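To keep things clear, I will list the structure first and then write my remarks on it.
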Amino acid sequence: MDAEDTLLAIRHQIEQCQACPLAAGRLNVVPGEGPANSQIMFIGEGPGYNEDQQGKPFVGQAGKFLDELLGYAGLKRSEVFITNVVKCRPPENRDPQPEELAACRQYLDAQIAAINPRIIVTLGRFSMARFIEDGKISRIHGYPHKVESRIVVTMYHPAAALHQPALKDALIQDFSRLRDIMNQPTPSLLEQNYTESTESPTKENPPEQLSLF
Ligand code: URA
């Protein structure tokens, strides 16, 4: 099976999934979308109202801002794969619960294995926690990390910037830097491997970690 067929098979599994309580409240599953051979994959938190209505990731306000951010990285939405850590909408857009994240993990893992992206960009703390358990986003946002021999770049969630203007600037700066990260060869990126102990890269005293994203 090639990557495209594998993604389709994963989509069909998600459509049938009843593994956690989110299944009962969904209108549509939101498995994610984008080319199966994407070099870069963006992982958000979970579908909101608009995503649940349309069955597509990041189609609401945060999605519009994500499109704009992709432009700063020189990317178009059509050339990247976008998904979430949970594939069904949490009620009232609440945080995904540990058992929901655990139930959905197999699908994200299978999507990553099928696409085999060179770079994964996490959007928000739930996505970051999938790769860097004790990461503090205010310290590590925008920089490459080596995780399971892949490059993971941790970003604030675009929705966070809709409420906190300071984060908008940080996201724009980080997505602009993503363009440089993508232009570097993998071995050089793996050598950089920023960790939480690295001094805050943007010395502009970034805001403390958000509670919501
Ligand atoms: N927020 C997310 O984390 N994912 C979406 O798909 C939409 C909004």
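Observations, loosely collected:
- Checked against the criterion of being open to solvent by 40 Å² or more (accessible area, probe 1.4 Å) and within 14 Å of the ligand (Cβ to nearest atom), the candidates D95, D52 yield just one match: D95.
- Which listed residue, of F42, F58, is within 14 Å of the ligand (Cβ to nearest atom), under 21 Å from M128 (Cβ atoms), outside any loop (DSSP other than H, G, I, E, B) and modelled with pLDDT of 95 or more: F42
- Identity of the residue in the range 121-143, under 24 Å from Q106 (Cα atoms) and away from the ligand (no atom under 16 Å from the Cβ), that ends up least open to solvent (accessible area, probe 1.4 Å): G135
- Test for S78: is it away from the ligand (no atom under 16 Å from the Cβ), in a helix (DSSP H, G or I) and open to solvent by less than 10 Å² (accessible area, probe 1.4 Å): no
- Number of the exception - R94 against (1) without any contact (Cβ under 8 Å) to a residue 12 or more places away in the chain; (2) under 24 Å from S176 (Cβ atoms): (2)
- The residue of the range 1-39 that is surrounded by the most Cβ atoms within 10 Å (Cβ to Cβ), among those that are more than 15 Å from the ligand (Cβ to nearest atom) and of a type in the set (S, T, N, Q), is S38.
- For the range 88-141, filtered to residues that are in a helix (DSSP H, G or I) and small (G, A, S), the residue that is nearest to R11 (Cα to Cα) is A110.
- For the range 146-169, filtered to residues that are part of a strand (DSSP E or B) and open to solvent by 10 Å² or more (accessible area, probe 1.4 Å), the residue that is farthest from the ligand (Cβ to nearest atom) is K146.
The values are calculated or read from the model by the stated rules, or taken from the named source; none is laboratory data. Note that the coordinates shown come from a computational prediction; the quantities given were computed from them, not determined experimentally. Virtual Cβ from ideal backbone geometry, glycine too; neighbours counted across all protein chains shown. Ligands, DNA and RNA are stripped out before the accessible areas are found, and what is left, the full protein with its side chains, is counted by its heavy atoms. Shrake-Rupley method; radii C 1.70, N 1.55, O 1.52, S 1.80 Å.
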